[in-house]
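Participant: To start, I am sharing the structure in question, which I have written as structure tokens.
The values are calculated or read from the model by the stated rules, or taken from the named source; none is laboratory data. Please read these numbers as outputs of a predicted model, since none were measured by experiment. Positions of Cβ are generated from backbone atoms using ideal geometry, with glycine treated the same way; all protein chains shown enter the neighbour counts. All accessible areas refer to the heavy atoms of the entire protein, side chains included, with ligands and DNA or RNA removed. Shrake-Rupley method; radii C 1.70, N 1.55, O 1.52, S 1.80 Å.
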Amino acid sequence: AMTEEKFLQWYPGDERIDLIGLDAYQWGTEEDFVHQTNADLDFLCAFAADHHKLVALTECGFIDVPDPTWWHRVLLPIIQSHNGLSYALVWRNADKEHFGPVPNTDNGREFLHFYNDPQTLFLNECQ
């Protein structure tokens, strides 16, 4: 678990930091991912607020997203429960590793629930 003591060992100081980020990937069980990501974001959002910094989910994902409902059933509630988040970034799709939605698949079609949620905002909606 992330603690302030552990965090401060690597924190370079308020004068050098504008944004605090967390990378969170589901490698194990869904329950472990949800618990750990929520705990880490709870800590980081509180720390960031106390230090007047922005906080973001700087990388996240689930390799090949074996359960297409993961986007709106797992990731979206984590994001929604942390009002202090500036943004969340889903990691890249590479040749054989897909962390993001893949067009014309169940994964891509289910991502639309996440995309169309009124509480998500994407770059093309920011004009």
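Participant: Would it be correct to say that Leu85 is touching a strand residue (DSSP E or B) at 6+ places or on another chain (Cβ under 8 Å), closer than 30 Å to Gly13 by Cα, touching a residue at least 40 places away in the same chain (Cβ under 8 Å) and not small (Gly, Ala, Ser)?
Facilitator: Against the criterion (touching a strand residue (DSSP E or B) at 6+ places or on another chain (Cβ under 8 Å), closer than 30 Å to Gly13 by Cα, touching a residue at least 40 places away in the same chain (Cβ under 8 Å) and not small (Gly, Ala, Ser)), Leu85 qualifies.
Participant: Please enumerate the residues belonging to the stretch 100-127 that are closer than 14 Å to Gln80 by Cα and assigned to a loop (DSSP other than H, G, I, E, B).
Facilitator: Asp117, Pro118, Gln119, Thr120, Leu121
Participant: Continuing with this model, one more query. If the requirement is being out of contact with any Asp or Glu (no Cβ under 9 Å at 6 or more places or on another chain), open to solvent by 70 Å² or more (accessible area, probe 1.4 Å) and under 20 Å from Glu4 (Cα atoms), which of these qualifies: Gln36, Gln119?
Facilitator: Answer to the check: Gln36.
A quick yes/no check of all residues on (1) among the hydrophobic types (A, V, I, L, M, F, W, C); (2) more than 21 Å from Gln119 (Cβ to Cβ); (3) modelled with pLDDT of 95 or more; (4) surrounded by 14 or more Cβ atoms within 10 Å (Cβ to Cβ):
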site	(1), (2), (3), (4)
Thr3	no, yes, no, no
Pro12	no, yes, yes, no
Cys45	yes, no, yes, yes
Pro66	no, yes, no, no
Leu75	yes, no, yes, yes
Glu97	no, yes, no, no
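Participant: From (1) surrounded by 14 or more Cβ atoms within 10 Å (Cβ to Cβ); (2) in contact with a strand residue (DSSP E or B) (Cβ under 9 Å, 6 or more places away or on another chain); (3) in a helix (DSSP H, G or I), pick out the condition that doesn't hold for Ala49.
Facilitator: So the condition that Ala49 fails would be (1).
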